[in-house]
Every structure is written in structure tokens, then in C-alpha cells.
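The next block holds one structure in the form of C-alpha cells; read it before the comments.
The values are calculated or read from the model by the stated rules, or taken from the named source; none is laboratory data. Just so it is clear, the structure is predicted and the values come from calculations on it, not from any experiment. For neighbour counting, all protein chains shown are included, and Cβ atoms are generated from backbone atoms with ideal geometry for every residue, glycine included. To get the accessible areas, we keep the full protein, side chains included, count just its heavy atoms, and leave off ligands, DNA and RNA. Shrake-Rupley method; radii C 1.70, N 1.55, O 1.52, S 1.80 Å.
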Amino acid sequence: MKVPFLDLKAAHAEVKDQIEAELLRVARSGSYVLGPELEAFEASFAAYIGSPHCAGVANGLDALRLGLSAMGIGPGDEVIVPSNTYIATWLAVSQCGATPRPVEPLEDTYNIDPDAVRAAVTDRTRAILPVHLYGQPADMDALESIARQHDLSVLEDGAQAHGARYKSRRIGSAGTVAWSFYPTKNLGALGDGGALTTDDGDIAAKTRLLRNYGSSVKYENDIKGVNSRLDPIQAAVLNVKLSVLDAATARRQEIARRYSEAFAEAGLGVPSVPDWADPVWHLYVLRHPDREAFQKRLDEAGIGTVIHYPIPPHLQNAYVDAGYARGSFPLAERLADEVLSLPMCPAQTDEQTQYVIDSVLRLA
């Protein structure tokens, strides 16, 4: 049996006809930048997560970057970020002219450690940028408490957490969250896309200016902005996929439940989920002390896996000027050496899921 890591064609099958109809309709509409399609999706997504404002942008990195800029983050500022994350989290800070200040995660959840955040605050710190990694919420109450104590902004990276709940409320129903709609995300477009949601009207207005050359009236530019707008065709596709997101999430949660039950009984380490978290399982991640050999055995058995992520940001060539070396963030480095993401697709059959379980138990 073959079990791909993620089969996007199969995942789209249920709404394929609706998506194709929307593509044709928007192509014939004559409205191709901003406009009613984008506004419709912004309203739908904001309502879904319970936020009063949504601004669609070109991609998830821009959502982070423009969100920080809208908060006034710039040169001379420090932003606390996870050491264990995809590099986009750090790049957004750097592109604002600010400095990423990394801290280690909690080993059981892989998310940023509030105690480490508290210890990292300096007189230059202006914001905290937590990531809801792998689709599981970070501990926002603890992080918000630190932010209030030190008068810091908080921008959440929700790129992997569409629909996730923290203490029964959806991520994004309060605060400011940057989202990615990259095709592999739980809510994915047919190309790049992103959005910023916020309960702060000033941040929303500033983001809309920034994404459109600093302009709200054609040929009148109030600030130095950029060109970063969610394409109406992608917005229409996302509106279709949003209608089936909860069903897809329920399927991911069922696959994750089966994985965790089987692997826990066999003594394999499974992802830890706090009582207050309701993850959406963008990724299901195991750890293995000999990850490369384990991954090779699974590949030979026909099971697709991916490493999220093999090199932590502080060891990337892009950040060599920051002066970090191996050993600077040992937990992030150990995770990078051990983590392995198993197949997790809403279209995955029960038989495929069982084959993954049996293979992992046999080959681990």
C-alpha cells in the first residue's frame, strides 16, 4: 500500500466542481484585484474565527510582516520568537528592521515556553510572536499576561492552526493573528495567500493601507506601503474550502486520535495536548532518536513523511550574522534532529491510516 504524506487532489475532490465553477465565474467577472470576491472571503473568514476585522494579503510571510509593521515594530526593536519554528516567523521580524530574539519551546508541546519568554524581555523588546505550531495553540493567557506586564504587542502566527481552539475559543477570536493559505495548510488556496485578522481597528486599517501601496484612495498614498493583496481567484477558492473546513478538521482529529491511541499503547512518544487545547492537527509529529533510518524504513514501506523542520532558524545561513552556533538552542536542535511528520490528510482512508499505524509499530 502507498500512503502519501498529503494528497491535495484527493483532499479537493469533494469540492472540485464548486472550485472549478468559482474559477470560471471569477475569470469572467472582470474584477481581478481587491474587490467583492476578496471582501466576501474576508467577511466569511472573520465570521468563522470570530474576529471583527480581516485583511487578505499575498502570503503568510506578508501577513506576519505587515502585522508587525502595523503595530509599529521597526529598527531597534526586538521581537521574541520561538527557536523552534519555520524561518518565516523570523524573516518577518527581520524584514521590519527589527531583531528576532529566540527562546526555546516547551518540550512536551513544541510551542514557545512562557517562562523563557518572560526571562528574555529586555528594554528593547516590543512584541511577542508565538506560533501555534503543528496546529496546536500556544499558551496565550500566559503570554498575554507577560505582554500586559511589559506593555508589549502580541502577534500570533496561526499559519498551521485554522479553526484551532484555545480554552474553547477559536484562535483569532481575540487579538491579532497572521494566517497562511499556502496550498498544504488546513485551509489552503491553489497558490500563495494570507490574511491578518484582528480585534484592533487601527491595526486593520493600517494593514489595508500597507498592502495596497499605502493607499485607500486611488493615486493617493498616505504611507509607504507595498503590493501584497490576496488574489480574488484565491479568495473565491478559499470561500469554497472554508465551507468544508470543519469536516476536514474532524477527519484530521480522528486520524490523530487513532495514531495516538495506538502509539501510546506501544510506548512510543506521542504529541502532548494540554486540557485547554483543541488542536486541528495540521501535522502529526513523532520523535525518533534515529530519525533518518526510521524515515527510510517508512519510505520503503510506501509511507510518505516530511521533516518539520530539519534546520532551526538560528543555524540557517540566512542568520549567520546573528552569531549563533550549534548549541545555542539545544532543544530546538534536538527536535530538528528527531521530529518526523506522519501522513495526515482529510482524504486518507481508514485502511491507509491503519497501514501507517501497523508500519510505524513494526518499523520504529
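Here are some notes:
- Residue-wise HN-Hα couplings along the range 251-258, as the Karplus relation 6.51 cos²θ - 1.76 cosθ + 1.60 with θ = phi - 60° gives them from phi, are 5, 4, 5, 5, 4, 4, 4, 5 Hz; Gly and Pro carry x.
- Mean separation of Cα contacts under 8 Å (6+ apart) over length of the chain, as relative contact order %: 23
- Candidate aspartates and glutamates - alpha carbon under 19 Å from Lys241, same-chain residues fewer than 8 apart omitted: Asp7, Glu14, Asp17, Glu20, Glu22, Glu37, Glu39, Glu42, Asp192, Asp231
- Calculated accessible area for the range 262-355 comes out at 46 Å² per residue, all protein chains present (probe 1.4 Å; ligands, DNA, RNA ignored).
- Taking amide H positions as modeled 1.01 Å from N, with prolines and chain starts lacking one, the residues under 5 Å from His53 and 5 or more places away or on another chain are Thr198.
- Label zone at Leu361, where the point sits 7 Å out along the Cα-to-Cβ direction: the range 282-315 residues whose backbone N lies under 14 Å: none
- For the range 358-364, backbone phi angles converted through the Karplus equation (6.51, -1.76, 1.60; θ = phi - 60°) give residue-by-residue couplings of 4, 5, 4, 5, 7, 9, 5 Hz, Gly and Pro being listed as x.
- Two-site FRET efficiency, Glu292 against Thr122, from Cβ-Cβ distance with R₀ of 30 Å, rounded to 0.05: 0.20
- Between the amide H of Val103 and those of Val81, Ser83, distances stay under 5 Å, these residues lying 5 or more places away or on another chain, with hydrogens modeled in the peptide plane.
- Using Cβ point charges alone (K and R +1, D and E -1), the dipole size of the range 249-364 about the Cα centre works out to roughly 100 debye.
- Charge dipole (the chain, unit charges on Cβ, about Cα centre) - positive-most of Gly76, Asn111, Phe263: Gly76
- Look at the Cα gyration tensor of the range 228-352: its axes a ≥ b ≥ c give a/c of at least 1.5 with a/b at or below b/c, and that counts as oblate.
- Multiplying the residue separation of Asp151 and Ala13 by 0.36 nm and subtracting their alpha-carbon distance yields 45.0 nm.
- Overall form of the range 249-294 per C-alpha gyration tensor (a/c, 1.5; a/b vs b/c): prolate
- Magnitude of the charge dipole, the chain, Cβ model with Lys/Arg +1 and Asp/Glu -1, debye to 20: 600
- Added length on full extension, which subtracts the Cα-Cα distance from 0.36 nm per residue, Lys167 to Asp321: 51.5 nm
- Amide hydrogen proximity for Val131: with H placed 1.01 Å from N in the peptide plane, the residues at 5 or more positions away or on another chain lying under 5 Å are Ile112, Asp157.
- Over 28 Å (Cα to Cα) - which of Lys9/Lys296; Lys185/Lys296; Lys16/Lys224 fall in this group: Lys16/Lys224
- Per residue, the accessible area of the range 98-149 comes to 37 Å², computed with a 1.4 Å probe over protein heavy atoms only.
- Accessible area of the chain belonging to carbon and sulfur atoms, whole % at 1.4 Å probe: 50
- Mean residue ellipticity at 222 nm, helices only, the chain: -12000 deg cm²/dmol; runs of at least 4 DSSP H residues each add -39,500 (n - 2.57), and the sum is divided by the number of residues.
- DSSP-defined antiparallel bridges as percent of all bridges, the chain, nearest 5: 60
- Net charge over other residues, Cβ less than 10 angstrom from the Cβ of Gly175 (K, R count +1; D, E count -1): -4
- Across the range 211-364, Cα pairs under 8 Å and at least six residues apart give a relative contact order of 23 percent.
- In this calculation the C-beta distance from Glu265 to Arg28 is compared with R0 = 41 Å, giving a FRET efficiency of 0.15.
- For the range 42-90, the solvent-accessible area of protein heavy atoms averages 25 Å² per residue (probe radius 1.4 Å; ligands and nucleic acids excluded).
- Couplings for the range 49-63, taken from phi via the Karplus curve 6.51 cos²θ - 1.76 cosθ + 1.60 with θ = phi - 60°, read 8, x, 9, x, 9, 9, 10, x, 10, 6, 6, x, 4, 5, 4 Hz in order; Gly and Pro are left as x.
- Computed from the Cβ-Cβ distance with R0 of 25 Å, the FRET efficiency linking Ser243 to Ala205 stands at 0.30.
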